[in-house]
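Student: Got a structure here, written out as structure tokens. Questions coming.
The values are calculated or read from the model by the stated rules, or taken from the named source; none is laboratory data. Since we're looking at a predicted model, the values are computed, not measured. Heads up, the Cβs are rebuilt from the backbone with ideal geometry, glycines too, and the neighbour counts pull from every protein chain shown.
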Amino acid sequence: MDFAFYGAPADSCIGDFADRLGQALSARGHQQTSAQPGTKLVFSHVDREKPRPFRRHAQATYIIALLRMPEEPSDFLLAAYPYLVRSLANLLLAVVGDPQHPRTYFLTLERGWYPIRAAFFAPEHAEEIADRLTPLATSQLIVDNIFDADLEEVLWGGDAATVQLRRAGETLDAWNLLPAPFPIQEMLPPEDFRHLQHLYQLGGLSYGNLSQRRDQKRFWMSGSGVNKARLEEVGRDILMVKDYDDGQRAMRLSVPPQVRPRRVSVDAIEHHMIYREHPQVGAIIHVHAWMDGIASTEVNYPCGTLQLATSVAALVSEAENPAQAVIGLKNHGMTITGHDLDDIMERVDGKIIPQVPMS
Ligand SMILES: [Zn+2]
């Protein structure tokens with residue numbers, strides 16, 4: 001893959017770090033170029049006073065914001081996350097602390113954050129980072145939607161499954177498992193927000209999703225960026241996923257006519273794979289929380305990628321009972337299957353740990 005650096009480093013500490021990272025990637029056969037609109041991986045130095053994001057021209061460009069924080073923030077997530085969003089980046093790498101003993105952290109859009117184990121000046125430091133970010137940068141997003149206004153009239157008002165979706169959403173909210181959607185619209189200048197919407201059709205960053213099977217091929221799923229505590233209208237809050245279009249790399253949705261549809265959750269591809277491979281799975285929930293003793297994916301691929309979907313679906317297949325499995329998504333959350341949503345909610349009641357372990 002080709003990679004490039006964009007913008008000026010905040011100081012020599014992060015500048016030297018960027019050089020070492022570039023060398024580690026080159027040693028792995030990747031080509032350093034100047035930052036072009038189509039570059040596969042762009043490291044964008046963050047100017048904390050005046051963030052000037054690198055504007056990708058395609059979803060396929062993966063942007064990593066490089067942030068220098070000389071002072072140790074009391075709450076890293078709170079302090080660093082806005083820079084991830086304002087950089088229009090997919091991932092943030094932060095170099096934190098005084099230049100003699102800095103530490104390095106990854107921060108994902110899913111709000112996972114974890115330190116690099118190797119010491120900052122050790123040769124294996126840049127190598128560990130290069131090895132961890134390469135699979136993320138080359139993963140493939142499946143976030144496009146194709147809407148067909150062909151949902152049968154009897155389903156315009158929902159069915160027994162959408163009743164369960166609404167109820168499960170309310171319960172997750174009562175358990176405090178639905179963090180407030182991140183207000184990117186308030187955080188970004190209007191032209192940057194329009195740019196993001198154009199690329200990803202994002203309405204807002206929200207976390208978690210739920211779905212329930214309708215029939216052999218189709219399932220209902222919560223929309224992207226909607227409030228999961230109030231799943232009401234079909235076509236807006238709850239979408240009918242009817243297929244995955246491999247040629248167009250897009251999810252195909254059935255919506256009622258006369259509704260201006262919202263997009264389905266970015267994890268629809270993952271749910272689609274699990275339902276297709278396991279006819280006995282009737283419902284799926286994804287939350288940013290954890291449970292004791294669960295199997296976990298090894299690489300924290302981003303939400304909405306084919307690679308995350310494949311790795312989670314593989315673990316569901318390996319589970320003792322795929323129809324009632326609890327799968328950990330490394331540094332991210334859990335995906336839980338069940339006969340229906342009521343079954344999942346009964347099984348996990350009282351067992352959920354709100355904090356996802358990070359490593
Ligand atoms: Zn997630």
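Student: Return yes or no: is L231 modelled with pLDDT of 90 or more, surrounded by 20 or more Cβ atoms within 10 Å (Cβ to Cβ), farther than 19 Å from L141 by Cβ and within 16 Å of the ligand (Cβ to nearest atom)?
Tutor: no
Student: If the requirement is being over 17 Å from G338 (Cβ atoms) and touching a helix residue (DSSP H, G or I) at 6+ places or on another chain (Cβ under 8 Å), which of these qualifies: V281, V255, V241, V264?
Tutor: That would be V241, the only listed residue that is over 17 Å from G338 (Cβ atoms) and touching a helix residue (DSSP H, G or I) at 6+ places or on another chain (Cβ under 8 Å).
Student: Going by what's in this entry, would S296 be described as within 12 Å of I142 (Cβ to Cβ), in contact with a Gly (Cβ under 7 Å, 6 or more places away or on another chain) and assigned by TED's automatic domain parsing to the domain that holds L231?
Tutor: In short, no.
Student: While we're looking at this one, here's another question. With in contact with a Gly (Cβ under 8 Å, 6 or more places away or on another chain) and within 16 Å of the ligand (Cβ to nearest atom) as the only criterion, which of H288, H271 stands out?
Tutor: Just a single option satisfies the conditions, and that option is H288.
Student: Within the stretch 304-326, how many residues are free of Cβ contacts under 8 Å to residues at least 60 places away in the same chain and either out of contact with any helix residue (DSSP H, G or I) (no Cβ under 6 Å at 6 or more places or on another chain) or within 12 Å of the ligand (Cβ to nearest atom) (or both)?
Tutor: Residues in the stretch 304-326 being free of Cβ contacts under 8 Å to residues at least 60 places away in the same chain and either out of contact with any helix residue (DSSP H, G or I) (no Cβ under 6 Å at 6 or more places or on another chain) or within 12 Å of the ligand (Cβ to nearest atom) (or both): 13 in total.
Residue-wise test of (1) among the charged types (D, E, K, R); (2) crowded, with 18+ Cβ neighbours inside 10 Å; (3) assigned by TED's automatic domain parsing to the domain that holds E124; (4) under 21 Å from E186 (Cα atoms).
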position	(1), (2), (3), (4)
G7	no, yes, yes, no
R28	yes, no, yes, no
Q31	no, no, yes, no
P37	no, no, yes, no
H45	no, yes, yes, no
K50	yes, no, yes, yes
M69	no, yes, yes, no
N90	no, yes, yes, yes
V96	no, yes, yes, no
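Student: So A309 fits all but one of (1) out of contact with any Ser or Thr (no Cβ under 9 Å at 6 or more places or on another chain); (2) over 27 Å from D349 (Cα atoms); (3) among the aliphatic types (A, V, I, L, M); (4) buried (at least 17 other Cβ atoms within 10 Å of the Cβ); what number is the exception?
Tutor: Result: A309 passes all but (2).
Student: Collect the residues in the stretch 327-356 that are at pLDDT below 95 and of a type in the set (S, T, N, Q), keeping them in residue-number order.
Tutor: Scanning the stretch 327-356 gives N331, Q355.
Student: So which residues in the stretch 230-256 are in a loop (DSSP other than H, G, I, E, B) and either under 20 Å from the mean Cα position of the chain (by Cα) or within 25 Å of T310 (Cα to Cα) (or both)?
Tutor: Result: D237, D246, G247, Q248, R249.
Student: Please count how many residues of the stretch 78-107 are within 16 Å of the ligand (Cβ to nearest atom) and in contact with a strand residue (DSSP E or B) (Cβ under 6 Å, 6 or more places away or on another chain).
Tutor: Counting residues in the stretch 78-107 that are within 16 Å of the ligand (Cβ to nearest atom) and in contact with a strand residue (DSSP E or B) (Cβ under 6 Å, 6 or more places away or on another chain) gives 5.
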